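Have a look at the structure below, then the notes.
What follows draws every value from the coordinates through simple rules; no lab data is involved. As the structure is a computational prediction, the values presented were derived from the model and not from experiment. For neighbour counting, all protein chains shown are included, and Cβ atoms are generated from backbone atoms with ideal geometry for every residue, glycine included.
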Amino acid sequence: MFSLDDFESHVPAQIQARGLAYFKNHAVENLEEIEKGQWEALVTGSEDYEVEISLHGKQVKTWSCDCPYEGGPVCKHVVAVLYALREAGPKAARQRKGRTGKMSFEDVLLQLGLEELRAFVRHQKAASREFGEQFLLFFSDKDPKMDVEKKYRDMVRQLVRKHVDRGFMDYRSTFAFSKAMMPVLQTADQAIDRKNFREAMAIGQAVCLEVMEAMLNCDDSAGNVGAIINDGIRIFQDIAQSREVAPEWLDRIFAWLEKHLQDEIWFDYGNFGYELLDVAENIATRLDPERFLRLLDKLRESKTATGSYHDYTREAFDKRKIRFLQTLGREQEAEQLIAAKMDIVEVRLGVVEKAIERKDFERAKALIADGIAIAESKKHPGTVSRWEEVLLRIAHLENDTSAFRFFAKKFTFDRGFHLEYYQRWKSSFSPEEWPGVIGQHIQSVIAEETAKPRKPAWINLEHELFYRLSPIYIAENQWEKLLHLLPANPGERILATVHSHLAKRYPKELLALYLPVLENMADKAGNRGEYQRLASLMKKVKQDIVGSHTAIDELTASLLLKYPRRPAMMEELGKVLKAK
C-alpha cells in the first residue's frame, strides 16, 4: 500500500510519467467523493475510463480502473487521479465539482423516494443477474441464511480461473489478476465501514483460501499474488481491531484461524501463517488468552511444525508463547518456559542481554559458551559468529584487552576483510605498538601462504597474497607496498581493486599493467556488451591516468586493424578515439 504523498515511488517510472502527463493536460474530470473516502473520476483521452479510489486519510487502500491495461496493478489513469487528489484535496475537489452547475450523484440520490429507489433496483435486477447478486451480497446482513462465504469463494475462484492457463498463472497474468481483485478487496473495506462484519469476514476467508490455492501454481516473482493474500489477512486484522465488532464475530474469526492454521501451507509460503497468528493473538488478548496459548501448543505438535523448516517453526511458536505470556504479565510462567527453551538462540540471547544489563558478565559468558556448544553441535557457524560478536561487546565493557583484540582480529579477517573490525582492532593498540603488530601479521600471512601446497596449480601465490594483504595496505595508505604487491599478470579484477588508489600516484606503472589486460579483453570479446565493457574501461584509463591517451589510442587503432570484420567492436572502439 502507499499514500498520496509517496505513490510515485511505488509505480513504474514510465507509468508515473504518463499519469503525470494526463493530469497536467487536464484529463481528469468529474472528480467526486461519492461517500466518505470513496472517490470517482473520469480520465479522458483516446478513450474515457472510470477510476475509483478508496482513501483512509491520505492512505490509498484500493483502486480500480476499467481500462484494459494488464502490465501492472496501477495504470496511468489511476496515477493521474492520484495526482488530482493530492493537488486538490477533498475540500477543493468538492468545491470544483460544485462550480460546474451540475448535480452530483449524491445530490440526485438524496432527492429520490423509497418507491423510486425500489423501482430502480428491480429494473436493474431484471436487466442484470450480476447486479442482483451484488445487491444480495451488499445486504447479506439482512439474510442470515445466505452462504456469503460460498458466494465470494465462487467469485474469487472464477477470477482465478480467468487468469490461469492450463492450471498455471504466469508472471504477466498475476498483474491482471491483481487488478481484477481490487474491487473485491474494496468491497471488504466498504463492508467494514458499514459494520457488516459478516460480509467482510466472508471476503477475507474467500481471498485467503482461494488465492492461496492459486499461489501454489503461479509465477509470483512480482509479489502480486502474495500481496492479495496479505490484503485478505488485513481484512481479518481490520475486523479484529474495530471497536464496534461484536465478540461473536471475533470468536468466529478465531475458530476459522484455529481450523486453517493446522494446514502447513500457511507457514511454507512467506509469513502468512505468522501474520494470521498476529490476528489470533490480537483477538485472544481481548477474549480468551488461554485459547491462544492452547492454539500455539497444538500447532507446535501438529504437522505444521514437522515440515521442511520444522525447527524454525517450532522455535517461532515457542518464542511467541514466551512473548505472549510476558505481555499478559505472567512472568513466572514465561521464565519457566525460557528455562526450558534455552536451546533457542533468541531466547538464550534475551537471558544473556539481561545478564549484561546487570553487569553479570561471568554469567553472560557462561551462557554464551553453552550457546556456542549447541551451535557447533548443530553445525551452525553463523550462530557461533553471532555469539562471538556478543563476546566482543562484553570484552569491550569489561576492558578485557586480550579478548577484545582476539575477537576483533578474528572478525576482521573472517570470510574476507572487514574494515570496521580492522579499525577497532587497530584502536586497541597505541600508535607506537601498531606498526609492529600489523607487520608481524603480514609476515605470518606470507609465511602461511608460501608454505601451502598449490593444488590446483592455477591458484597462484602472488594472487593469494594480493587478496589477503591488499586490504591492509589500502587501510594503512601504504601505496608503494600495494604497487609492489601486484602480480605480474594482474587481470581486470585486481586492477579494478587498486585503480582509484594508484592511478594518479603511479600512472606509468599502472598503464603498463593495463595495456596487456585490455588487449586480452579485446581478443576474448565476442558480443556488443563485451565490446562496450572494453571501451568503457579504455575510456576510464584515458580519463584517470595521466599520459595514457597516446598509448590507449594506439592500442585502439591496432585493434580496429586487427578485427575489421567486427562492426560492433569498431563502433564501440570508435568512441574511445573520440574520448578526451
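Which percent, nearest 5, of DSSP beta bridges in the chain are antiparallel?
Just about 95 percent of them are antiparallel.
Mind checking the dipole of segment 490-578: about its Cα centre, +1 per Lys or Arg Cβ, -1 per Asp or Glu Cβ, Debye to the nearest 20?
Details: 15 positive and 10 negative charges, 38 e Å.
Approximately 180 debye in magnitude.
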- Message: Using the Cα centre of the chain as origin and beta-carbon charges of +1 (Lys, Arg) and -1 (Asp, Glu), tell me which of Ile338, Pro516, Trp256 is placed farthest towards the positive end of the dipole.
- Response: Pro516
- Query: Taking R0 as 45 Å, what's the FRET efficiency between Glu275 and Ala119 from their Cβ-Cβ distance, rounded to 0.05?
  - Reply: 0.45
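May I ask you to derive the relative contact order of the chain, considering only C-alpha pairs under 8 Å and at least 6 residues apart, and to give it as an integer percent?
Numbers: 562 pairs, mean separation 32.4, N = 580.
The normalised contact order for the chain reaches 6 percent.
Take the alpha carbon gyration tensor of segment 490-578, find the square roots of its eigenvalues, order them as a ≥ b ≥ c, and report rounded if a/c is under 1.5; if not, report prolate when a/b exceeds b/c, else oblate. Walk me through the numbers before you get to the answer.
Numbers: a/c = 2.11, a/b = 1.66, b/c = 1.27.
The shape class here is prolate.
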- Listed pairs Lys61/Lys125; Lys455/Lys524; Lys508/Lys540; Lys504/Lys562 exceeding 24 Å between Cα atoms: Lys61/Lys125; Lys455/Lys524; Lys504/Lys562
- Projected onto their principal axes, the Cα atoms of segment 429-486 stretch, largest extent first, over whole-Å spans of 41, 21, 13
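Please identify every one of the trypsin sites (Lys or Arg not before Pro) in segment 1-95 that sits in a loop by DSSP and has no more than 12 other beta carbons within 10 Å of its own beta carbon. Kindly include the intermediate steps, with their values, before the conclusion.
Working: sites: Arg18, Lys24, Lys36, Lys58, Lys61, Lys76, Arg86, Lys91, Arg94; in loops: Lys36, Lys58.
Here the trypsin sites (Lys or Arg not before Pro) that fit, given the DSSP loop and packing criteria, are Lys36.
How about segment 314-417: which trypsin sites (Lys or Arg not before Pro) there lie in a loop by DSSP and see at most 12 other Cβ atoms within 10 Å? If you can, show how the numbers build up before the last one.
On the way: sites: Arg314, Lys319, Arg320, Lys321, Arg323, Arg330, Lys341, Arg348, Lys354, Arg358, Lys359, Arg363, Lys365, Lys378, Lys379, Arg386, Arg393, Arg405, Lys409, Lys410, Arg415; in loops: Arg330, Lys341, Arg358, Lys359, Lys378, Lys379, Arg415.
Hits after loop and neighbour filter: Arg358, Lys359, Lys378, Lys379, Arg415.
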- May I ask you to derive the relative contact order of segment 338-408, considering only C-alpha pairs under 8 Å and at least 6 residues apart, and to give it as an integer percent? 22
- Any aspartates and glutamates with Cα under 16 Å of the Lys76 Cα? List them, leaving off those in the same chain fewer than 8 positions away. Asp6, Glu8, Glu29, Glu40, Glu47, Asp48, Glu50, Glu52, Asp66
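What shape does segment 155-267 take by its C-alpha gyration tensor, where a ≥ b ≥ c are the square roots of the eigenvalues and a/c under 1.5 counts as rounded, a/b above b/c as prolate, and the rest as oblate? Write down the numbers at each step before the final one.
Numbers: a/c = 2.52, a/b = 1.67, b/c = 1.51.
Verdict is prolate for segment 155-267.
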- Item | J(HN,Hα) series, segment 248-265, from Karplus relation 6.51 cos²θ - 1.76 cosθ + 1.60, nearest Hz, glycine and proline x | 4, 6, 5, 4, 5, 5, 4, 4, 5, 5, 4, 6, 7, 5, 5, 7, 5, 4
- Note on the structure: Within segment 292-357, DSSP-loop chymotrypsin sites (Phe, Trp or Tyr not before Pro) with at most 16 other C-beta atoms within 10 Å are Tyr309
- How many nm is it between the label spots at Glu432 and Phe131, if each spot is 7 Å from the Cα in line with the beta carbon? 9.6
- Query: So which aspartates and glutamates pass the test for Lys409, namely a Cα distance under 16 Å, with those fewer than 8 places away in the same chain ruled out?
  - Reply: Glu388, Glu389, Asp400, Glu420, Glu433, Glu476
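Please get the size of the charge dipole for segment 201-289, origin at its Cα centre, with Cβ charges of +1 on Lys and Arg and -1 on Asp and Glu, quoted in debye to the nearest 20.
Details: 5 positive and 17 negative charges, 59 e Å.
Dipole size: approximately 280 debye.
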- With charges set only on the Cβ (+1 for Lys and Arg, -1 for Asp and Glu), what does the dipole of the chain come to about its Cα centre, in debye to the nearest 20? 1360
